[in-house]
Amino acid sequence: MRGRPFEKASAVFNKKDDYFIIAYRYRINIQDGEHDRGEEYLILDDDFKLHYFEKKRIYFADNEKSSFIEVKPIDDYYKFFIDNDFINVFEKSLSKDSDLDFSGEIWDRTWLAKCLLNKNVKLNRELEEALYDEKYKLTLILGFLDFANEYINFEHGTNSDFEIDFCKEKKNKSYLRFEENNFEQITDNMEHYLINKIRYFLFGDKKIKNNYGIVSDKLSRKLYLMIDCIFIDKPNAIYNHNEGGWSNLTIFDYKDSYYILNLRENN
């Protein structure tokens, strides 16, 4: 689906070509005093940022919806449909709600860039950096882990030292030897596997909640998304490895390197 706003919407819709419309939604629960805006369409602007527009404010150059599929957002007062070519913009978002116009985290921009490349669209500089700047992504992960390590050791309050770490090492310099029996290849759903593993290590059986939902689930998913968006292509393989004592590794075999998530407890 393609189109453009009727009016000049600031400086972000200046191209002569029509723009990608990647999703649309409409309210199914209208509370007293709320205004039903009807269908709203999510359009990519000149800078590949997302904006919702009411249907009456859009000129449709192509109104074909056969590639759109319904997904179930967490904000279940909406019916929400997304172009299957952009499905991961929703599936790889943190909250999986329909407010994708507010999705500006590094994993959001990475997956949008991937989807656009699959449609042979030339990326702008910002999206190229979001996709390819691995150093920045690793810095974000390590910053998040600084917080996670402070939290887990404060929460446990024992003599044990808990640490969660993430690193990259070249295969030709790695100490890992995969002929050992205690390397288990992960063939199940990697997202489900890794989020559960992170959640249990950080929070155990606790569910930490606030007014916006289950924080422990969201933080675990956030770390998964940070790691996942490093890989432009699918990793060759993913392994689980118990290193001895209480040190558990998740190893991503990707191109010429191993990316290693280490969950460790030192007595």
The range 4-114: relative contact order in percent, alpha carbon pairs under 8 Å with at least 6 residues between: 24 percent
Please list, ordered by chain and number, the residues whose modelled amide H lies under 5 Å from the amide H of ALA61; skip anything fewer than 5 residues away on the same chain. ARG2, GLY3, ARG4
For the range 1-101 the GluC sites (Glu not before Pro) that pass both the DSSP coil test and the at-most-13 other-Cβ-within-10 Å test are GLU7, GLU34, GLU64
Counting only C-alpha contacts under 8 Å and six or more residues apart, can you give the relative contact order of the chain as a whole percent? 15 percent
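Relative contact order for the range 159-258: what is it in percent, counting Cα pairs under 8 Å that are at least 6 residues apart? Could you put the intermediate results ahead of the total?
Details: 84 pairs, mean separation 32.5, N = 100.
Reported as a whole number, the value is 32 percent.
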By the C-alpha gyration tensor axes a ≥ b ≥ c (rounded if a/c is under 1.5, else prolate when a/b exceeds b/c, else oblate), the shape of the range 1-135 is oblate
Per-residue ³J(HN,Hα) for the range 172-177, Karplus 6.51 cos²θ - 1.76 cosθ + 1.60, θ = phi - 60°, Hz, x for Gly and Pro: 6, 10, 7, 8, 6, 10
Among 209-218, 98-107, what's the highest-first ranking by average C-beta atoms within 10 angstrom per residue? 98-107, 209-218
Would you mind working out the magnitude of the charge dipole of the range 151-267 relative to its Cα centre, with +1 at each Lys and Arg C-beta and -1 at each Asp and Glu C-beta, to the nearest 20 Debye? 420 debye
Projected onto the charge dipole of the range 201-267 (+1 at Lys/Arg Cβ, -1 at Asp/Glu Cβ, origin at the Cα centre), which of SER216, ASN266, TYR254 gives the Cα projection farthest towards the positive end? SER216
Across the range 49-59, in residue order, what do the Karplus-derived ³J(HN,Hα) couplings come to in whole Hz, using 6.51 cos²θ - 1.76 cosθ + 1.60 with θ = phi - 60° and x for Gly and Pro? 9, 9, 9, 8, 10, 5, 4, 5, 9, 10, 8
Computing the accessible area with a 1.4 Å probe over protein heavy atoms, can you report the carbon and sulfur percentage for the chain? 47 percent
Starting from the range 1-110, pick out the trypsin sites (Lys or Arg not before Pro) whose DSSP state is loop and whose Cβ has at most 13 other Cβ atoms within 10 Å. LYS8, LYS15, LYS16, LYS65
What accessible area per residue, rounded to a whole number of Å², is obtained for the chain using a probe radius of 1.4 Å? 56 Å²
Looking at LEU94, PHE183, ILE152, which one has the Cα that reaches farthest to the positive end of the dipole of the chain (charges on Cβ: Lys, Arg +1; Asp, Glu -1)? LEU94
Starting from the amide H of PHE68, placed 1.01 Å from N in the peptide plane, find each other amide H under 5 Å away whose residue is 5 or more places distant or on another chain. ASN84
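With the Cα gyration tensor of the chain giving a ≥ b ≥ c as the square roots of its eigenvalues, does the rule (a/c under 1.5 for rounded; else a/b larger than b/c for prolate; else oblate) give rounded, prolate or oblate?
In terms of gyration-tensor shape, prolate.
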For the chain, with only Lys/Arg (+1) and Asp/Glu (-1) charged at the beta-carbon, what is the dipole magnitude about the Cα centre, in debye rounded to 20? 480 debye
For the chain, what are the DSSP H helices with axial Cα length of 24 Å or more and mean Kyte-Doolittle hydropathy of at least -1.0? 134-156
Under 5 Å, built H, 5+ apart or other chain: amide partners of GLU39: LYS55
Classify the range 105-258: rounded, prolate or oblate, from the alpha-carbon gyration tensor (a ≥ b ≥ c, eigenvalue square roots; a/c under 1.5 rounded; otherwise prolate if a/b is larger than b/c)? oblate
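The values are calculated or read from the model by the stated rules, or taken from the named source; none is laboratory data. Only a predicted model underlies this, so the values are computations on that prediction, with no experimental measurement involved. In this analysis, Cβ positions are derived from the backbone assuming ideal geometry, glycine residues included, and neighbour counts consider all displayed protein chains. For accessibility, only protein heavy atoms count, side chains too; no ligands or nucleic acids. Shrake-Rupley method; radii C 1.70, N 1.55, O 1.52, S 1.80 Å.
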